[in-house]
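*Asks:* First the structure, which I've put down as structure tokens, then a few questions once you've had a look.
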Amino acid sequence: MNLFEKIGRILSKSFSSVLQIEIIIIFILLFLFLLFNLKYQRKSVNWFLTALLCYFLLSFIILFAQPFFLALREILKKMVEYFYFSPIPIYFLTILIASFCFIKTMFTTRYTKRHKLLSYLLLLPIFFLFVLFVVECSEKKIVINDITSIYQNNLLVAVIQISQGIFFLYLGTCIARRLYHYAKDNL
């Protein structure tokens, strides 16, 4: 199916029954509600919509518990698979994201010295391990897109896994910091 056929199927399903039309109207009303709230900035609206979203998510989890937990297990399995046997493009993507975060940390003035120090302590080892990865690949004449030869080299496997672990630790600290500041400012 091309893009237009996919959109056509979605639209035909969306208008196929009265229930679907009611759902579309509810979503349009929610959108308009949010649009008007942009002007008035009522926090009660944000809390109401958050509670409504949580209600729908919990209802979905209760109604479809077995498929939900099966999907959650598959997601966790893929995350562990990416952590232990990360595809090389994913590894390079984490290096690019870490580089962006490092540059942003250096130039952002609103970060505290403690935040910058933690970022440097977590991001610099990722770059060191990446350089070690490149050196090992060049010394052993390993082609980077040959995943079999990379995962047969114990040093490269260790470098990738440790880099990914440090990167996930960095992301976890960033998320925890954001949640802390959000809770401190808004609650």
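The values are calculated or read from the model by the stated rules, or taken from the named source; none is laboratory data. Note that the coordinates shown come from a computational prediction; the quantities given were computed from them, not determined experimentally. All Cβ positions, glycine included, derive from the backbone under ideal geometry; neighbour counts span all protein chains shown.
*Asks:* Kindly indicate which of Ile142, Ile150 is assigned to a helix (DSSP H, G or I), of a type outside the set (D, E, K, R), assigned by TED's automatic domain parsing to the domain that holds Ile90 and surrounded by 13 or more Cβ atoms within 10 Å (Cβ to Cβ).
*Replies:* Exactly one of Ile142, Ile150 is assigned to a helix (DSSP H, G or I), of a type outside the set (D, E, K, R), assigned by TED's automatic domain parsing to the domain that holds Ile90 and surrounded by 13 or more Cβ atoms within 10 Å (Cβ to Cβ), namely Ile150.
*Asks:* Can you tell me which of Ala51, Ala98 is farther than 30 Å from Leu123 by Cβ, in a helix (DSSP H, G or I) and among the aliphatic types (A, V, I, L, M)?
*Replies:* Ala51
*Asks:* A further question on this structure: Looking at Leu30, Leu38, Leu53, Leu63 in this structure, which one is at pLDDT below 85 and touching a helix residue (DSSP H, G or I) at 6+ places or on another chain (Cβ under 8 Å)?
*Replies:* Just one listed residue meets the conditions, Leu30.
*Asks:* Among the residues of segment 15-26, which ones are in a helix (DSSP H, G or I) and either surrounded by fewer than 10 Cβ atoms within 10 Å (Cβ to Cβ) or more than 29 Å from the chain's Cα centre (by Cα) (or both)?
*Replies:* Listed by number, the residues that qualify are Val18, Leu19, Gln20, Ile21, Glu22, Ile25.
*Asks:* Same structure again: Phe130 is checked against (1) closer than 15 Å to Leu96 by Cα; (2) more than 19 Å from the chain's Cα centre (by Cα); (3) at pLDDT below 90 and fails just one. What number does that condition carry?
*Replies:* (3)
*Asks:* Mind checking whether some residue in segment 111-125 is on the phi < 0 side of the Ramachandran plot and part of a loop (DSSP other than H, G, I, E, B)?
*Replies:* The answer is yes, given that some residue of segment 111-125 is on the phi < 0 side of the Ramachandran plot and part of a loop (DSSP other than H, G, I, E, B).
*Asks:* Limited to segment 138-169, what total is found for residues that are without any contact (Cβ under 8 Å) to a residue 24 or more places away in the chain and under 24 Å from the mean Cα position of the chain (by Cα)?
*Replies:* Number of matching residues: 2.
*Asks:* Only one residue in Glu74, Glu81 is in a helix (DSSP H, G or I) and closer than 30 Å to Phe128 by Cβ, so which one is that?
*Replies:* Glu81
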